[in-house]
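So that we are looking at the same thing, I have put the structure below in structure tokens.
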Amino acid sequence: MNMALSNSDPFGVRGTPLTDWQTSPALQGVRPITLSELVPTGSRLVVLAPHPDDEILACGGLLAGMVGRRNPVQLISVTDGEASHADSPQWPQMMLRLERRKESERAVARLGFDVQRLCWQRLGIADGQVADRAESLIALLSEDLGPDDVVITTWRHDGHCDHEAVGHCAAQAAANTGATLLETPVWAWHWAEPNDPRIPWAHARKLVLNDEQQRRKRWAIEAHATQLQTDSSTGSAPVLAPDTLERMLQPFELVFL
């Protein structure tokens, strides 16, 4: 997850407090769904992450629940997240690109996967420029996906340029191939309001996480140190501030069908 947005910055200083989400009638009214309903037996799960932490923030609990199941899992990292620390002497882009890849591997291992055996594609598209490569990304996904696949990615109206571009590409590829598309909000937890009509509540479902899935998701997020620490060379605040993490670590994951 990076801070660059698709339009003018819609974020307030702290965003929508977790307490407001916890008392939201719209959110409380979302029906639960099981992991087996989301990823049926025999389906392959394809996780499409715009940045190296988005697979954890968006669906880390779901992924933790996939460990030990017979469904094949494939991860696709669209960018390496090298633009998260603009003009940083501490984290020049090449160094940050390599470090964020390592963080991502550590995080996925903490979910319980054997990273060496996991099917993982890294596309290396420039961070912040996914929309410029949309045509090639749609073609790649359309060639890879099939009608028995379930592809999960960031919501195509999430408020971040790469999140939205990846969501749109996944939607087009799913339409081309018959794959099932699942979308998850990441930045929307920050800018949206508790009963926001811009959120597709009618298509939303809650995947309730058990204690172990919540623990592994939190532990996986902690692997992304570059996003959790202040940049000592610029004084920039962490990308993932405590308020942001509170919203990301609710005991469920929201999925749009």
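Quick one: Lys206 ticks every box in (1) modelled with pLDDT under 95; (2) within 26 Å of Thr41 (Cβ to Cβ) bar one, so which box is it?
The single condition Lys206 does not satisfy is (1).
Would you check which residues across the range 101-146 are of a type in the set (A, V, I, L, M) and either part of a loop (DSSP other than H, G, I, E, B) or within 25 Å of Arg69 (Cα to Cα) (or both) and list them?
Ala107, Val108, Ala109, Leu111, Val115, Leu118, Ala126, Leu141, Leu145
Quick one: which residue in Leu45, Leu98, Leu57, Leu111 is more than 22 Å from Gln229 (Cβ to Cβ), among the aliphatic types (A, V, I, L, M) and modelled with pLDDT of 95 or more?
Numbers: Leu98 fails: more than 22 Å from Gln229 (Cβ to Cβ); Leu57 fails: more than 22 Å from Gln229 (Cβ to Cβ); Leu111 fails: more than 22 Å from Gln229 (Cβ to Cβ).
Criteria check complete, one pass: Leu45.
Would you confirm, using the coordinates I've provided, whether Asp80 is surrounded by fewer than 23 Cβ atoms within 10 Å (Cβ to Cβ) and among the acidic types (Asp, Glu)? Give the derivation first.
Details: surrounded by fewer than 23 Cβ atoms within 10 Å (Cβ to Cβ): no; among the acidic types (Asp, Glu): yes.
When the stated conditions are applied, Asp80 does not pass them.
May I pose another question? For the range 13-32, give me each residue that is assigned to a loop (DSSP other than H, G, I, E, B) and over 21 Å from the mean Cα position of the chain (by Cα). Let's see the steps before the verdict.
We begin by selecting, within the range 13-32, every residue assigned to a loop (DSSP other than H, G, I, E, B); these are 13-17, 23-24, 29-30.
Those that are assigned to a loop (DSSP other than H, G, I, E, B) and over 21 Å from the mean Cα position of the chain (by Cα): Val13, Thr23, Ser24, Gly29.
Pick out the one residue from Ser136, Ser84, Ser142 that is polar (S, T, N, Q) and under 19 Å from Ala220 (Cβ atoms).
Working: Ser136 fails: under 19 Å from Ala220 (Cβ atoms); Ser142 fails: under 19 Å from Ala220 (Cβ atoms).
After applying the criteria, what remains is Ser84.
Can you find, within the range 37-80, the residue that is nearest to Asp114 (Cα to Cα) among those that are in a strand (DSSP E or B) and among the small types (Gly, Ala, Ser)? Outline the logic, then answer.
To start, the set of residues in the range 37-80 that are in a strand (DSSP E or B) comprises 44-49, 73-79.
Then keep just the ones that are among the small types (Gly, Ala, Ser); that gives 49, 77.
Values: Ala49: 18, Ser77: 17 Å.
It comes out as Ser77.
Residues in the range 206-240 that are surrounded by fewer than 19 Cβ atoms within 10 Å (Cβ to Cβ), not acidic (Asp, Glu) and not in a loop (DSSP other than H, G, I, E, B): how many?
Within the range 206-240, residues that are surrounded by fewer than 19 Cβ atoms within 10 Å (Cβ to Cβ), not acidic (Asp, Glu) and not in a loop (DSSP other than H, G, I, E, B) number 8.
Let me ask another. Of the residues Val151, Val166, only one is touching a residue at least 12 places away in the same chain (Cβ under 8 Å), outside any helix (DSSP H, G or I) and not polar (S, T, N, Q); which? Write out each step before concluding.
Numbers: Val166 fails: outside any helix (DSSP H, G or I).
Of Val151, Val166, the one residue that is touching a residue at least 12 places away in the same chain (Cβ under 8 Å), outside any helix (DSSP H, G or I) and not polar (S, T, N, Q) is Val151.
Right, here's the next one. Given Leu141, Leu123, Leu145, Leu111, which one is over 29 Å from Gly15 (Cβ atoms), surrounded by 19 or more Cβ atoms within 10 Å (Cβ to Cβ) and under 18 Å from the mean Cα position of the chain (by Cα)?
Only one candidate passes the filter, namely Leu141.
Could you look through the range 60-88, keep only residues that are in contact with a Ser or Thr (Cβ under 8 Å, 6 or more places away or on another chain) and within 27 Å of Asp211 (Cβ to Cβ), and pick out the one that is modelled with the lowest pLDDT?
Our first condition is that a residue be in contact with a Ser or Thr (Cβ under 8 Å, 6 or more places away or on another chain); within the range 60-88, this holds for 70-71, 77, 84-85, 87-88.
When the remaining residues are screened for being within 27 Å of Asp211 (Cβ to Cβ), the result is 70-71.
Numbers: Arg70: 94, Asn71: 97.
That would be Arg70.
Just give me the residues in the range 169-201 being outside any helix (DSSP H, G or I) and crowded, with 21+ Cβ neighbours inside 10 Å, in sequence order. Break it down stepwise before answering.
First pass over the range 169-201, keeping only residues outside any helix (DSSP H, G or I): 178-187, 192-200.
Across the range 169-201, the qualifying residues are Ala179, Leu181, Leu182, Glu183, Thr184, Pro185, Val186, Trp187, Ala192, Ile199.
Still on this model: Just give me the residues in the range 83-100 being part of a loop (DSSP other than H, G, I, E, B) and either of a type in the set (Gly, Ala, Ser) or buried (at least 17 other Cβ atoms within 10 Å of the Cβ) (or both), in sequence order. Walk me through it before giving the result.
From the range 83-100, those part of a loop (DSSP other than H, G, I, E, B) are 83-92; that's our starting set.
Passing the criteria: Ala83, Ser84, His85, Ala86, Ser88, Trp91.
Just to be sure, is Trp155 of a type in the set (Phe, Trp, Tyr) and within 13 Å of Leu181 (Cβ to Cβ)?
Numbers: of a type in the set (Phe, Trp, Tyr): yes; within 13 Å of Leu181 (Cβ to Cβ): yes.
So Trp155 fits the description; yes.
Among the listed residues Ala188, Ala220, identify the single one that is within 18 Å of Asp54 (Cα to Cα), under 16 Å from the mean Cα position of the chain (by Cα) and without any contact (Cβ under 8 Å) to a residue 40 or more places away in the chain.
Working: Ala220 fails: without any contact (Cβ under 8 Å) to a residue 40 or more places away in the chain.
Result of the check over Ala188, Ala220: Ala188.
The values are calculated or read from the model by the stated rules, or taken from the named source; none is laboratory data. These figures come from a predicted structure and were not determined experimentally. Positions of Cβ are backbone-derived with ideal geometry, glycine not excepted, and every protein chain shown enters the neighbour counts.
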